[in-house]
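Novice: For reference, the structure I am asking about is given below.
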Amino acid sequence: MKNGLVPKKPSQVYLDALTHNYTYNRDDGTVHNNKTLRVARGINGRGYMQVMVTLNGKQKALYAHHVIWFFEHGEWPSKQLDHIDGDKTNNHYSNLRECTQRENITFYCESVKSSSKYTGVHWHKARGKWEAKIIDASGKSVYLGLYKCEAAAAIAYQVALSKVKKGLPAR
């Protein structure tokens, strides 16, 4: 998946190799190699589980959550997938949902501990102030400023969010 956008669909040849060489266990949300009977458990540097598909001696790494979506729905995801509980290794089909990049970032920010109770706001330790940021429609982070008051930073975020929802620039 380049630039964190829509997951690139593998060629049909790789999808055929995937369905031939792997089995999906719907009960526990795991993918098993049909030859070794082992669970595909590879984890990449970003903490996501991967399934390695080999075709003509070439290996292709596929995100396990995309593979499970494919097995469960019969099609490759057309949007980003969110792990509802925030756990990148919990690939059970009931823990996956399609979403936009903005929704995925918002869900992620809500699932991790933040220094602020407000979305889009965090404590900037070096400056000793509250910083507000938002992700615009193109997926880029937009700096909204530093504030002495946490609530003021939250208001700046909400104003920017209403602009972004209307298709306007955040700033």
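Novice: What does the charge dipole of the range 25-171 about its Cα centre add up to, to the nearest 20 debye, if the Cβ of each Lys and Arg holds +1 and the Cβ of each Asp and Glu holds -1?
Specialist: 680
Novice: If R₀ is 22 angstrom, what is the calculated FRET efficiency for the pair N90 and L37, using the beta carbon separation as r and rounding to 0.05? Write down the numbers at each step before the final one.
Specialist: Numbers: r = 22 Å, r/R0 = 1.00.
Here the calculated transfer efficiency is 0.50.
Novice: Using the Cα gyration tensor of the range 34-96, with a ≥ b ≥ c the square roots of its eigenvalues, what is the shape: rounded (a/c below 1.5), prolate (a/b larger than b/c) or oblate (neither)?
Specialist: prolate
Novice: So, with a 1.4 angstrom probe, what is the percent of accessible area on the chain that is carbon and sulfur?
Specialist: 51
Novice: Please provide three numbers in whole Å: the alpha-carbon extents of the range 57-171 along the principal axes, with the largest listed first.
Specialist: 55, 30, 29
Novice: Before I look further, what does the chain give for accessible area per residue, probe 1.4 Å, in whole square angstrom?
Specialist: 62
Novice: Normalised by the residues of the chain, what does the relative contact order come to in percent, with Cα pairs under 8 Å and at least six apart?
Specialist: Relative contact order for the chain comes out at 13 percent.
Novice: On to the next question. Taking the Cα centre of the chain as the origin and placing charges on Cβ (Lys, Arg +1; Asp, Glu -1), which of V142, W69, N56 is farthest toward the positive end of the dipole?
Specialist: V142
Novice: I want to check the label-to-label distance for K58 and L168. Put each point 7 Å from Cα in the C-beta direction and report it in nm to one decimal.
Specialist: Calculated label separation equals 4.8 nm.
Novice: Please compute the contact order of the range 1-79 in relative form: average sequence separation of alpha-carbon pairs under 8 Å and at least six residues apart, divided by the residue count, as a percent.
Specialist: 25
The values are calculated or read from the model by the stated rules, or taken from the named source; none is laboratory data. None of the values given here were measured: they were computed from a predicted structure. A quick note on method: Cβ atoms are made from the backbone with ideal geometry, for glycine too, and the neighbour counts reach across all protein chains shown. The accessibility values were calculated without ligands, DNA or RNA, using every heavy atom of the protein model including side chains. Shrake-Rupley method; radii C 1.70, N 1.55, O 1.52, S 1.80 Å.
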